[in-house]
Amino acid sequence: MIHRECGVLKTSYAADMALYPVPLARWTVGAIAAAAFGVFPLLAGDYLLSIANLAAIAVVGAIGLNILTGYTGQISLGHGAFMSVGAYTAAILATRAGLPVWVCLPAGGAMAALVGMIVGSPSLRIKGLYLAIATLAGQFVIEWTINHVTWISGGVQASIYVPRPALGGLLIQSQREMYYFIMTVAALGVVAALNLFRTRAGRAFIAIRDHDVAAEIIGIHIFRYKLLAFAISSFYAGVTGVLYTYYLGIANYEQFTIVTSIDFLAMIIIGGLGSILGSIFGAVFLTLLPIVLRYVVEGIGGLFFTIPDVLNLITNVQLILFGALIVFFLVVEPEGLNKLWRNIKDYFRVWPFAY
Amino acid sequence: MTRSLALTLAAVLALAAAASPVWAGHEIAVGLQCDRVGPTNTIGPFLCPGAHDYVKLVNKKGGVDGHRVRVIEIDIKYQVPLAVESYEKMKQEGIVSLMLYGTPQTYALTPKLTEDRIPGTAPGFGRADATDGTKYPYVFPVAASYWSQATAAVKFLLDESKKQGKKVGKVAFLFYDNPAGREPLPILETLARREGFELRTFAVPPPGIEMSAQVLDIGGRFRPDWVITHLFGRSPSVSIKELKRVGYPLDRVVSFVWGAAESDVEAAGWATAEGYLGLQYAGVGQDFPVIQEIVKMYRDEGQAPPKEMAHSVYYNRGVLWAAVHVEAIRNAIKKFGPQIKGEHVKQGFEMIKGVTLGGLVPPLEITPNDHEGGGWVQVWQVKGGKWTRVTDWFKAYPDILQEALKKS
Amino acid sequence: MDFFALLVVNGLLVGTLYSLIALGFVLIYKATDAINFAQGELVMIAGFFVAALIQLYRVPLAATVAIAVLAMMLLGFGIERVMLRPLIGRPVIAVIMATIGLAAILKGTGPLVWGAETKNLPLPIPEAPFLVNVLDVVVLVSPIQLVAAGVSLAFLAVFGYIFLRSRMGIAMRAVADSQQVAMAMGINVERYFALAWAMAGIVSALGGIIWGNLLGVDVHLALVGLKVFPVVILGGLDSIPGAVVGGLIVGVVEGVAAGYIDPYVGGGTKDFVPYLLMILALMVRPYGIFGKEIIERV
């Protein structure tokens, strides 16, 4: 992360795979955790916390998609739908069975994992962009099903209100309480994903991404691991859906459309494929971008135009800037923000005594 | 970063405010979520200026009992996360009421509004059962819900047929296949049973740009006496063109409120759409004193009236939207004094009665039980290149609506 | 039976409209190996441009079509120059993302320049449909659909010729196959990328005119892009005849699904039945009906 890795020479595979490459890393991670859980929520107001919550939820989803797309090389355009599977599973369990949040959260993820495996099963036969479109089909079929099966959707309005989650006797309601809840889940997600790629399965994923035929020859059961990747990735997506549901207090499939799927794909591509840190960068970046752009354009636009004109202008300019920034980042650094970050870090690695 | 931007923004606003008279009273903030670039950008850019202009007019005339109303608009691009974020921002600015935008966003914010005790209005969208103020205390549809529109449409076509001495045997319902589109289905089924006509439904899947097979089915096989359409986005104009193409008479097609704007007819062609009927929850056209006052306000400032006004269906809905907020604030100030909060404005909404703005707004009567204000609509028709009024404000089948509300 | 025939003929005609959009998509994929998520937006911007020329500047229609085709061609060139050329040789997914960015830019530009309100795009084509009697089955055919069919078939012929016979087409196919090898063989990759985008621009211009006439012009016009995916997968991402045949299949299947399945399930099945068909097609022929079979060797 932030520490510099000057003069670190790795002499064993174990050292190469260590989570903390240098002792200082423990301290930086500790410091970040302390800032995220201790300092920030105490200092920030409801508004900042609400943005942080949305960003943290997006981080979970982005990591999930990155496990599938960035690490295993399978593009999915169905993650929006997997989120809605998680959302409705949790909502149904919470309202009809009255189950608590610590059951609903993994249950939503598990259900999404199951559906994700079914949608991902064509990956046996097809790959690349064709698979992307097959998952797009999954997106539409799931949307249609939720929309039309009233047992799932809870009536023609296709939305289910869920009670605020409670852990023990503690009701999670305010933005600050939500922040602790969502950040805990997000942190677990990050740690689990980091560790996943130190296991056999995680390395199998990477092998499949790098060359599937070669991977098969060295004894990796491709189909099994592809499905496993779909399952893990959809589990994350499902958890994301559950988090949205508890955060908003409602499950509604209309917020998990194909646009959502593309947004998450945008996050990981901008953040950096095949990188957990990149997923975090991408999710935070795309969550903040429209908000920051709004302030910037309002700030500048207000000087030149009367207010009513500005409203129409700024919104369109924002959209154009949004697109232009994405293109700009891709042209400058196609490997994403994570690569940009590594470049900066590499520059400072031997700073100030660069040779 | 944020702070310096906020300061810039504040400076800009201060400059803008410096031009207007100094206010002795207090400033009351109202949130407005709008979509100007998202999927509904054929509506937002015309709806929201109506709301701004009405508030501007109110402020020009001395505000609400001497208190200035400030509308904080944030564009949400029809996205739920941005709606949540902007709502928190508005809450920080101390809004006393919120104009919601879009059905999914209304769903997502309903629990928050209730917790924070800030009333939100969702005219013509959101869920129909929010009419029940006891169940959803902080959501106000303020205009006819899809349920009320369904009853009104059926009453209209039964009355028309009676006038022409015909019986209504078959009715087709052509709807957009999403939750909002399907919402009136149960009501229509109940009505079909009671009034003894055959109802058949035809779903148009999103994005609704192609429906020739459904329309062929309507015009070629089912051949109904009337068609009720409930479509969004670009699909209303497609339905007009397609129905015309199969030779179905458009004066027997009644559209719900989101398929009855100038732009829907413009896209299909005014000549093509001659005879097409539409429900409206706000008056159409510029023959209303309040619209003329807004025109005059702009003229007095030496400016041309805004071009958005030409899209009077949406613009006038924006005026209605702002008017109910201003009225609620007025009621709240009258009862609780100038230091009002969301819960006071909620009660202010529930006291709204007899605000008609010279016919632009229906005779709304919002009560703690009825947050819809009656569910009034008018029927308008495309005639000679413009929308002309066919009926006055009416509502229908209150018993069926009551029963549906009780059941939900 | 009568109704079934009606649905099929209608579906075929609607299918040609889909083909028109899918063609532009396939052209880009064929030459640059990238999925273009901005295809619908290109059509939209063309529609905006044409509607503005006709309504605001009162340009006669023939001139409008010519100007629009030229302008869209230039736009295609421009997009390639500014956005895609720096991405040559970079991961395909970066190019895909760039088209998503392009989609946002175009979506903001249209309403910003020409206003968000819906515009009518009149064409001097009669609206009234005529009846055609085919084997004792009377079907309705509307003139605009025939025009679309004509344009699609003309494009099919022209592009089919270019790709199969001309030096340019062969070079484009080589570029799509492998950019590096093509470069090594002395093919100017940039030039063929630019040509592909220019061709896609031309197709989008005509798509914008025809769909703009059908739907009216505003941002919703971009939604036609969503219809592209089942069409191109069925036909094969890199096949021009596939785009046409895929369009026809999707058109017919949608129509028949709406006419015969919808009444039983009470919902619009036509948006996902083509996708189901597509998944089945993928299981049998993962490279589409006409797509090139990729043989992998280690």
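The values are calculated or read from the model by the stated rules, or taken from the named source; none is laboratory data. This is a predicted model, so every value here is computed, not measured. Cβ sites come from the backbone with ideal geometry, for glycine too, and all protein chains shown count toward neighbours.
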Among the residues in segment B:125-133, are any among the aromatic types (Phe, Trp, Tyr) and within 11 Å of chain A (Cβ to nearest Cβ)? no
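Only one of A:LEU105, A:LEU129, A:LEU93 is within 12 Å of chain C (Cβ to nearest Cβ) and surrounded by 17 or more Cβ atoms within 10 Å (Cβ to Cβ). Can you tell me which? Quick ask: steps written out before the conclusion?
Values: A:LEU105 fails: within 12 Å of chain C (Cβ to nearest Cβ); A:LEU93 fails: within 12 Å of chain C (Cβ to nearest Cβ).
None of the others qualify; the one that does is A:LEU129.
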Only one residue in A:ALA201, A:ALA229, A:ALA207 is within 18 Å of the chain's Cα centre (by Cα) and farther than 23 Å from B:GLY102 by Cβ, so which one is that? A:ALA229
Scanning segment B:78-90 for residues that are surrounded by fewer than 24 Cβ atoms within 10 Å (Cβ to Cβ) and more than 7 Å from chain A (Cβ to nearest Cβ) gives B:GLN79, B:MET90
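For segment B:237-261, how many residues are surrounded by 22 or more Cβ atoms within 10 Å (Cβ to Cβ) and more than 8 Å from chain C (Cβ to nearest Cβ)?
First, the residues of segment B:237-261 that are surrounded by 22 or more Cβ atoms within 10 Å (Cβ to Cβ): B:237-244, B:253-261.
Add one more test, that the residue is more than 8 Å from chain C (Cβ to nearest Cβ), and what stays is B:239-240, B:242-243, B:253-261.
The number of residues fulfilling the criteria is 13.
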Only one of (1) facing chain A (nearest Cβ under 8 Å); (2) closer than 29 Å to B:GLU293 by Cβ does not apply to B:PRO104, and that is (2)
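From B:ALA273, B:ALA322, which residue is of a type in the set (Gly, Ala, Ser) and over 15 Å from B:ALA51 (Cβ atoms)? First the steps, then the outcome.
Working: B:ALA322 fails: over 15 Å from B:ALA51 (Cβ atoms).
Going through B:ALA273, B:ALA322 in turn, just one is of a type in the set (Gly, Ala, Ser) and over 15 Å from B:ALA51 (Cβ atoms): B:ALA273.
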Output the residues belonging to segment A:157-166 that are buried (at least 19 other Cβ atoms within 10 Å of the Cβ) and not in a strand (DSSP E or B). A:GLN157, A:ALA158, A:VAL162, A:PRO165
Do you know which residues across segment C:215-226 are at negative phi and either at pLDDT below 80 or within 7 Å of chain B (Cβ to nearest Cβ) (or both)? C:LEU215, C:ASP218, C:VAL219, C:HIS220, C:LEU223, C:VAL224, C:LEU226
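In segment A:142-171, how many are touching a residue at least 60 places away in the same chain (Cβ under 8 Å) and either more than 9 Å from chain B (Cβ to nearest Cβ) or of a type in the set (Asp, Glu) (or both)? Give the steps one after another, and end with the answer.
Going residue by residue through segment A:142-171, those that are touching a residue at least 60 places away in the same chain (Cβ under 8 Å) are A:142-143, A:146-147, A:152-154, A:158-167.
This time we only want the ones that are either more than 9 Å from chain B (Cβ to nearest Cβ) or of a type in the set (Asp, Glu) (or both), so: A:142-143, A:146, A:152, A:154, A:160, A:163, A:165-167.
Qualifying residue count for the region: 10.
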Scanning segment A:248-297 for residues that are more than 8 Å from every other protein chain (Cβ to nearest Cβ) and of a type in the set (Ser, Thr, Tyr), the one surrounded by the most Cβ atoms within 10 Å (Cβ to Cβ) turns out to be A:SER279
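With more than 13 Å from chain A (Cβ to nearest Cβ), part of a helix (DSSP H, G or I) and in contact with a Ser or Thr (Cβ under 8 Å, 6 or more places away or on another chain) as the only criterion, which of C:VAL14, C:VAL95 stands out?
Answer to the check: C:VAL14.
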Within the bounds of segment A:299-316, is there any residue that is under 26 Å from C:ILE93 (Cβ atoms), within 14 Å of chain C (Cβ to nearest Cβ) and out of contact with any helix residue (DSSP H, G or I) (no Cβ under 6 Å at 6 or more places or on another chain)? no
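Among the residues that make up segment A:318-331, is at least one of them farther than 30 Å from A:SER76 by Cα, modelled with pLDDT under 85 and not hydroxyl-bearing (Ser, Thr, Tyr)? Before the answer, list the steps.
Narrowing segment A:318-331 to residues farther than 30 Å from A:SER76 by Cα: none.
No - not one qualifying residue is present in segment A:318-331.
Taking the options A:SER76, A:SER84, A:SER123, name whichever one is buried (at least 22 other Cβ atoms within 10 Å of the Cβ) and outside any helix (DSSP H, G or I).
Numbers: A:SER84 fails: outside any helix (DSSP H, G or I); A:SER123 fails: outside any helix (DSSP H, G or I).
Within the list A:SER76, A:SER84, A:SER123, the selection yields A:SER76.
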Would it be correct to say that A:ASN53 is crowded, with 21+ Cβ neighbours inside 10 Å and within 14 Å of chain B (Cβ to nearest Cβ)? yes
Search segment A:203-221 for residues being within 12 Å of chain C (Cβ to nearest Cβ) and among the aliphatic types (A, V, I, L, M), and hand back the single one that is surrounded by the most Cβ atoms within 10 Å (Cβ to Cβ). A:ALA215
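For C:GLY110, state whether it is surrounded by fewer than 24 Cβ atoms within 10 Å (Cβ to Cβ) and within 14 Å of chain A (Cβ to nearest Cβ).
Taking the combined requirement at face value, the residue does not satisfy it.
B:GLU372: in contact with a Pro (Cβ under 8 Å, 6 or more places away or on another chain), outside the structural domain of B:ARG252 (by TED's automatic domain parsing), closer than 23 Å to B:GLU262 by Cβ and not aromatic (Phe, Trp, Tyr), yes or no? Break it down stepwise before answering.
Details: in contact with a Pro (Cβ under 8 Å, 6 or more places away or on another chain): yes; outside the structural domain of B:ARG252 (by TED's automatic domain parsing): yes; closer than 23 Å to B:GLU262 by Cβ: no; not aromatic (Phe, Trp, Tyr): yes.
Criteria not met by B:GLU372.
Residues checked against (1) assigned to a helix (DSSP H, G or I); (2) surrounded by fewer than 24 Cβ atoms within 10 Å (Cβ to Cβ); (3) not small (Gly, Ala, Ser):
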residue: B:PRO137; (1), (2), (3): no, yes, yes
residue: B:GLY165; (1), (2), (3): no, yes, no
residue: B:VAL168; (1), (2), (3): no, yes, yes
residue: B:ALA172; (1), (2), (3): no, no, no
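Of these, B:GLY165, B:GLY133, B:GLY124, which one is free of Cβ contacts under 8 Å to residues at least 12 places away in the same chain and out of contact with any Gly (no Cβ under 9 Å at 6 or more places or on another chain)?
Values: B:GLY133 fails: free of Cβ contacts under 8 Å to residues at least 12 places away in the same chain; B:GLY124 fails: free of Cβ contacts under 8 Å to residues at least 12 places away in the same chain.
Selected residue: B:GLY165, the only one of B:GLY165, B:GLY133, B:GLY124 that is free of Cβ contacts under 8 Å to residues at least 12 places away in the same chain and out of contact with any Gly (no Cβ under 9 Å at 6 or more places or on another chain).
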Kindly provide the set of residues from segment B:353-367 that are touching a residue at least 60 places away in the same chain (Cβ under 8 Å) and surrounded by 15 or more Cβ atoms within 10 Å (Cβ to Cβ), ordered by number. B:LEU357, B:GLY359, B:LEU360, B:VAL361, B:PRO362, B:LEU364, B:ILE366, B:THR367
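So is B:LEU98 at pLDDT 90 or above, in contact with a Pro (Cβ under 8 Å, 6 or more places away or on another chain) and either crowded, with 24+ Cβ neighbours inside 10 Å or outside the structural domain of B:VAL345 (by TED's automatic domain parsing) (or both) or not? I'd like the intermediate steps shown before the answer.
Details: at pLDDT 90 or above: yes; in contact with a Pro (Cβ under 8 Å, 6 or more places away or on another chain): yes; either crowded, with 24+ Cβ neighbours inside 10 Å or outside the structural domain of B:VAL345 (by TED's automatic domain parsing) (or both): yes.
So B:LEU98 fits the description; yes.
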